[in-house]
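Student: The following block contains the structure, expressed as structure tokens.
The values are calculated or read from the model by the stated rules, or taken from the named source; none is laboratory data. Given the structure is predicted, the values throughout are model-derived calculations rather than measurements. Backbone-built Cβ (ideal geometry, glycine too); neighbour counts: all protein chains shown.
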Amino acid sequence: MQKRFVLLVTALVVAIVMSIAFAAVFSYYPVSIAIAPTSPPVRFVTGSNANQPDLGPGNTIEVSIGSNETSASLTIHPTYQVTYYKNVTLIVNGDTKAYSIYLRVASAASLPPGATAYIYVYSKGASRSLSGYPTPAPSGYVAAVNLASTGTTFIGSLAGGSAYEIDVYVYIPEGVALPATPATAQLLLIATPSGETPP
């Protein structure tokens, strides 16, 4: 009986010690975080060819910029072979300091077999030249973004007060069936004043 009592007391002591050893303890320290929003330093602006006539009856190069200039929507109407859209929108740095600019294709466009679609980024006011036969391609651009593949592309360091012009290039080989619904790519514009790679 005494032995059972000793064992019971021992087990109780062990249980108490274990509960103390594994008890959770929390210290709370006050921290103040002030969230002070600012106007967007990098923004979208319509290009010189935004909402101008496009291929096909009644079509336009549709460019819509959000009310705070932090979103953009483009709809284009290419045809077979190469269709090139020049200066449809701009990325403008309204700040005094430089920003590293990235474009991330979050959702790739599902194109017809053999077709390609690219965004070509140019410095503001840069001349364009497409060369080659039978499928001309541009040159002299700052960066190219493949709309048919997901990933993040570093565009460059955009100085304060400067802008990038956005062109769109589409190639559809003759003979393939045109899609019944638009092939849509979804992108993110990423701007940072730091040299860190965006997460």
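Student: Which of the residues that make up region 86-124 are of a type in the set (Lys, Arg) and touching a strand residue (DSSP E or B) at 6+ places or on another chain (Cβ under 7 Å)?
Tutor: Lys86, Arg104, Lys124
Student: While we're here: Only one of these conditions is not met by Leu178: (1) closer than 21 Å to Ser71 by Cβ; (2) hydrophobic (A, V, I, L, M, F, W, C); (3) exposed (fewer than 15 other Cβ atoms within 10 Å of the Cβ). Which number is it?
Tutor: (1)
Residue-by-condition table, conditions (1) hydroxyl-bearing (Ser, Thr, Tyr); (2) under 15 Å from Asp167 (Cβ atoms):
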{"position": "Pro30", "(1), (2)": "no, no"}
{"position": "Ser39", "(1), (2)": "yes, no"}
{"position": "Asn49", "(1), (2)": "no, yes"}
{"position": "Gly56", "(1), (2)": "no, no"}
{"position": "Asn68", "(1), (2)": "no, no"}
{"position": "Leu74", "(1), (2)": "no, yes"}
{"position": "His77", "(1), (2)": "no, no"}
{"position": "Val92", "(1), (2)": "no, no"}
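Student: Can you work out which of the residues in region 88-113 that are charged (D, E, K, R) and within 18 Å of Phe154 (Cβ to Cβ) is farthest from the chain's Cα centre (by Cα)?
Tutor: Looking at residues that are charged (D, E, K, R) and within 18 Å of Phe154 (Cβ to Cβ), I get Lys97.
Student: State whether the residues of region 83-104 include one that is assigned to a loop (DSSP other than H, G, I, E, B), surrounded by fewer than 19 Cβ atoms within 10 Å (Cβ to Cβ) and in contact with an Asp or Glu (Cβ under 7 Å, 6 or more places away or on another chain).
Tutor: no
Student: Consider Ala21 against the criteria (1) over 30 Å from Asn68 (Cα atoms); (2) surrounded by 10 or more Cβ atoms within 10 Å (Cβ to Cβ); (3) at pLDDT 55 or above: it satisfies all of them except one. Which criterion is unmet?
Tutor: (2)
Student: Residues to consider are Ala191, Ala148; find the one that is outside any strand (DSSP E or B), under 14 Å from the mean Cα position of the chain (by Cα), surrounded by 12 or more Cβ atoms within 10 Å (Cβ to Cβ) and at pLDDT 95 or above.
Tutor: Exactly one of Ala191, Ala148 is outside any strand (DSSP E or B), under 14 Å from the mean Cα position of the chain (by Cα), surrounded by 12 or more Cβ atoms within 10 Å (Cβ to Cβ) and at pLDDT 95 or above, namely Ala148.
Student: To continue, here is another question. Go through (1) farther than 22 Å from Ile190 by Cβ; (2) under 23 Å from the mean Cα position of the chain (by Cα); (3) part of a strand (DSSP E or B) and name the single condition Tyr118 misses.
Tutor: (1)
Student: What about Tyr164, is it touching a residue at least 60 places away in the same chain (Cβ under 8 Å), aromatic (Phe, Trp, Tyr) and over 29 Å from Pro199 (Cβ atoms)?
Tutor: Answer is no for this residue.
Student: What about Ala180, is it in contact with a Leu (Cβ under 7 Å, 6 or more places away or on another chain) and within 18 Å of Thr75 (Cβ to Cβ)?
Tutor: So Ala180 does not fit the description; no.
Student: Given the structure, is Tyr120 touching a residue at least 60 places away in the same chain (Cβ under 8 Å) and closer than 19 Å to Ser157 by Cα?
Tutor: In short, no.
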